[in-house]
Structures are given as C-alpha cells and as structure tokens.
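Chemist: Got a structure here, written out as structure tokens. Questions coming.
What follows draws every value from the coordinates through simple rules; no lab data is involved. It should be emphasised that the depicted structure is a prediction, and the values quoted were computed from it without experimental measurement. Virtual Cβ from ideal backbone geometry, glycine too; neighbours counted across all protein chains shown.
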Amino acid sequence: MGELIFVVVVISIITFLAYPAMKTLTNSNLSADAATKVSHRFNQMRGQSKRRNRPIVVDFRDFNAGSPGGRIDFSEGRSASCARVAVDLDEGGDARISYLESIPVGGTVVPGYRGPNPDDVGYLGWRIGEDGAISTERVQLCINPDGAVYRLAGATAQKLEGFLEVLVQGYESGDAGRPRGPAKRVRFSFTGPSRLVVN
C-alpha cells in the first residue's frame, strides 16, 4: 500500500510541475491553428474565385489589439470584377454580395457560427509590407478571378502589390492583457498563396 501512495504522490508532483508548460504549449498551438486556418481559407477562396469567375471579398472587420477577439468575413460578389464589387458595395452595401462564412476568435460572437472559436486568441492588427505600420482599422480586400488582389475603399478598388500581414496573438488564459509569446504572422501575398510566417 505504501508503494501505491508513493507512486500517486510522484505522479501528482510531476503533473503539478508539467502543467504550466503544457498550458503554454496548448495556447501557442491555438494561435498557430487560428493563423493557419485563416491562411488556408484565403487560399481556398482564391481558387473558388477563379473557378466560379466571381470576386471574393475578404473583410478584416474586427481587430482587438491587446485582448482576445476578432473576426474575418468572406463573401462572394455577384459581378465578375473587384472594380464592380467596390461600386456595388458603395451603392448598396452588403446586400449586393453573398455572405459565405466568418472566422472569429477570442469568443467574438457571429450569429449562426458553429465552428471553433478559441477563447485566448486575438487578431492583433494588419500591415502592408514588412515595414508598414500596424493598423486595427477595418480593411476589405477583394480577390479578382484573375488572381489579382485589390483593396476596396468606397467605390474604388486599388490593385495591391506585395503582401498584407495579419498578426494573430495568443494570450495567457484568463488574462486578456498578457500576450503569450510573439504574434503569429499570416502573410497574404498578392501574387501567390498566403502562408504562416514563423517568427
């Protein structure tokens, strides 16, 4: 009986010591998983745009700098070009595009969404190029059927060169203001596939 108690005590001590490391690994994986999911979905939407000959709007609509949360929406235009989608959105709002799906994180509520929504992850912000300033403002991209990517602003569609990065941050469980490790970077290339950039 004494040996059994000794084994239970040793296992308890090992578990107690290993728990913080396991928690760190789990939270790190959550932010990497969220970043990877966005990257894969962007690439799939680029393929869908080409197959269906319809532009896809990627709406980075909600960034929560310093705390978990955020949302990225995907919609399909009803015309054949991003230039027309920009005009449609400017004139009639979201009624002229077909909503496809959202990728929320950090507990951000999206009505009808039933997929994974990791609590301790947030979309930190975005920037264009390596040296661009990080912004938390809403930004809308449009993937044209020919593969070109445009930024939508009012009734205009500006063709983009290079890439846009979205930063995905993991946070300490239960501590919204305490980041866990460096932010993961999802690089949306305007000439090739998007990918997760390892820091």
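Chemist: Report, in whole Å, the centroid distance computed from the Cα atoms of segment 98-112 and segment 31-70.
Modeler: Each part's Cα centre sits 11 Å from the other's.
Chemist: Let me know the charge dipole size of segment 56-135 about its Cα centre in debye, to the nearest 20, where only the beta-carbon of Lys, Arg (+1) and Asp, Glu (-1) is charged.
Modeler: 160
Chemist: Could I ask something else about it? What list of ³J(HN,Hα) couplings, whole Hz, do you get for segment 61-67 from phi and the Karplus terms 6.51, -1.76, 1.60, once you set θ to phi - 60° and write x for glycine and proline?
Modeler: Taking θ as phi minus 60°, the curve returns 9, 9, 10, 10, 5, x, 7 Hz for segment 61-67.
Chemist: Here's a follow-up. Kindly write out, for segment 100-108 in residue order, the coupling ³J(HN,Hα) from the Karplus curve 6.51 cos²θ - 1.76 cosθ + 1.60 (θ = phi - 60°), rounded to whole Hz, with x marking Gly and Pro.
Modeler: Whole-Hz 3J(HN,Hα) from phi for segment 100-108: 9, 5, 10, 10, x, 9, x, x, 4.
Chemist: Name the long-range amide H neighbours of E76: under 5 Å, sequence gap of 5 or more, or other chain; modelled H, no Pro or chain starts.
Modeler: Result for E76 returns V57, S98, Y99, L100.
Chemist: Where Lys and Arg each count +1 and Asp and Glu each count -1, what net charge lies around E130 among other residues with Cβ under 14 Å from its Cβ?
Modeler: On the way: positive: R127, R185, R187; negative: D131, E161, E165.
Local net charge: 0.
Chemist: What order do you get for F74, F188, F60 when you list them from fewest to most C-beta neighbours inside 10 Å?
Modeler: By the 10 Å Cβ count, ascending, the order reads F74, F60, F188.
Chemist: How large is ³J(HN,Hα) for each residue in segment 81-86, as worked out from phi by the Karplus curve 6.51 cos²θ - 1.76 cosθ + 1.60 (θ = phi - 60°), to whole Hz, x for Gly and Pro?
Modeler: Residue by residue, segment 81-86 yields 8, 5, 4, 6, 4, 4 Hz.
Chemist: Still on this structure, please answer the following. Can you sort S67, S98 from fewest to most other Cβ atoms within 10 Å of each residue's own Cβ? Spell out each step's value before the answer.
Modeler: Details: S67 16, S98 12.
Going from sparsest to densest Cβ surroundings: S98, S67.
Chemist: Additional query: Estimate the FRET efficiency between V197 and S98 by the formula 1/(1 + (r/R0)^6), using the beta-carbon distance for r and 25 Å for R0, to the nearest 0.05.
Modeler: Computed FRET efficiency for V197 and S98: 0.20.
Chemist: Note down the net charge around V168, summing +1 for each Lys or Arg and -1 for each Asp or Glu among other residues with Cβ under 9 Å from its Cβ.
Modeler: On the way: positive: K184, R185; negative: none.
That sum, taken over residues with Cβ under 9 Å, equals +2.
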